[in-house]
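The structure appears below as structure tokens.
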Amino acid sequence: MHMKILTFSTSNHSNSINAALASLAGEKFKSVYKPDADIEMLNINDFEMPIYSIDRETEGGVHQRARDFYGKIGEADGLIMSFAEYNGSYTSAWKNIYDWMSRINQKVYQDTPAVVLAATPGPRSGASVLQAVEMTAPFFGLELCGVVGVGEWGKAFDPSTKSLTREEDVAKLDEALAALAGKVG
């Protein structure tokens with residue numbers, strides 16, 4: 001039986017550093033911890049939909065793309081998510097998908113074990129958005145296995161090798177991925 005790990009970035013930027021971090025983490029999870037895992041990387045641009053409003057939901061129900069994303073989470077044995085931080089919070093692209101999915105079930109993450117990441121060009125390593133995720137995790141069915149922020153991305157990531165350069169970032173990511181591997185069997 002293959003386990004399925006769903007990875008994604010909450011950024012809709014075409015050259016997202018968070019997508020790079022999510023991809024790196026998914027590949028490392030498969031190569032180091034669970035070689036039999038199927039890693040699926042989603043692009044949230046494929047799930048763009050109108051801004052959530054109660055009027056839109058009343059008129060047409062929950063948007064199909066929200067149902068599709070929610071279904072992807074439900075099929076996953078584990079999640080690796082990298083949260084971009086815009087102005088100290090979630091990206092509007094992610095918040096919209098999240099708001100739509102919460103109309104299906106408040107437990108958006110469906111009690112799925114997860115590693116939560118953030119990559120930022122600045123030194124705070126996504127501290128505000130990671131704190132928001134951690135604070136709301138119990139209400140939205142998110143089983144946290146690890147939370148890792150990687151700041152100063154330009155120094156922390158080598159694009160030629162697609163790897164983290166600082167030992168402390170590598171160690172934190174390894175610890176989180178090992179905890180996820182332990183939860184998903």
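Readers should treat all values here as calculations from the given coordinates under stated rules, not as data from a laboratory. All values derive from a computational prediction rather than experimental measurement. Counting neighbours? That spans all protein chains shown, and the Cβs are built from the backbone with ideal geometry, glycine included.
What's the percent breakdown of Cα-Cα distances in the stretch 100-185 across 10 Å bins, shortest bin first?
Reading the bins upward from 0: 17, 40, 31, 11, 0.
In whole angstrom, how far apart do the alpha carbon centroids of the stretch 1-38 and the stretch 69-135 sit?
Centre-to-centre (Cα) distance: 14 Å.
Quick one: length gained pulling residue 134 to residue 152 fully straight, 0.36 nm per residue minus the C-alpha distance?
Net length gain for the segment: 4.3 nm.
Would you mind checking the pairs 4/155; 34/95; 34/107; 107/162 and listing those with alpha carbons more than 28 angstrom apart?
4/155; 34/95; 107/162
For the chain, modelled as a Gaussian network with Cα springs under 10 Å, which listed residue fluctuates most, 160, 14, 125?
So, out of 160, 14, 125, the one fluctuating most is 160.
Over the Cα atoms of the stretch 111-160, compute the convex hull volume and normalise it per residue, giving Å³.
Output value, Cα hull per residue: 70 Å³.
Report relative contact order for the chain in percent, whole number only (criteria: Cα-Cα under 8 Å, sequence separation at least 6).
Once normalised by length, the contact order is 23 percent.
Compute the FRET efficiency between residue 92 and residue 2 as 1/(1 + (r/R0)^6), taking r as their Cβ-Cβ distance and R0 = 35 Å, and round to the nearest 0.05.
That gives a FRET efficiency of 0.55.
Just to be sure I follow: if Rg is taken over the C-alpha atoms of the stretch 21-130 and Rh is the Kirkwood radius over the same atoms, what is Rg/Rh?
0.99
Using helices alone, I'd like the mean residue ellipticity at 222 nm for the chain: each DSSP H run of four-plus residues gives -39500 (n - 2.57), total over residue count, nearest 500.
That calculation yields -11500 deg cm²/dmol at 222 nm.
Considering the zone a paramagnetic label at residue 13 would reach in this model (a point 7 Å from Cα along the Cα-to-Cβ line), which residues of the stretch 78-107 have amide N under 11 Å from it?
84-87, by backbone N distance to the label point.
Given charges of +1 on the Cβ of Lys and Arg and -1 on the Cβ of Asp and Glu, with all other atoms neutral, how large is the dipole of the stretch 4-183 about its Cα centre, in debye to the nearest 20?
60
How much length, in nm to one decimal, is gained on full extension between residue 111 and residue 171, taken as 0.36 nm per residue of separation minus their Cα-Cα distance?
Here the segment from residue 111 to residue 171 would lengthen by 19.0 nm.
Pull out the extension gain between residue 68 and residue 104, defined as 0.36 nm times the separation in residues minus the alpha carbon to alpha carbon distance; nm, one decimal.
Taking 0.36 nm per residue and subtracting the Cα distance, the gain is 11.9 nm.
Using a Förster distance of 41 angstrom, determine the FRET efficiency expected from the C-beta separation of residue 162 and residue 55, and round it to 0.05.
Calculated value: 0.40.
Eigenvalues of the Cα gyration tensor times 5, then square-rooted: what semi-axes does that give for the chain, in whole angstrom, largest first?
So the equivalent ellipsoid measures 26, 19, 14 Å along its semi-axes.
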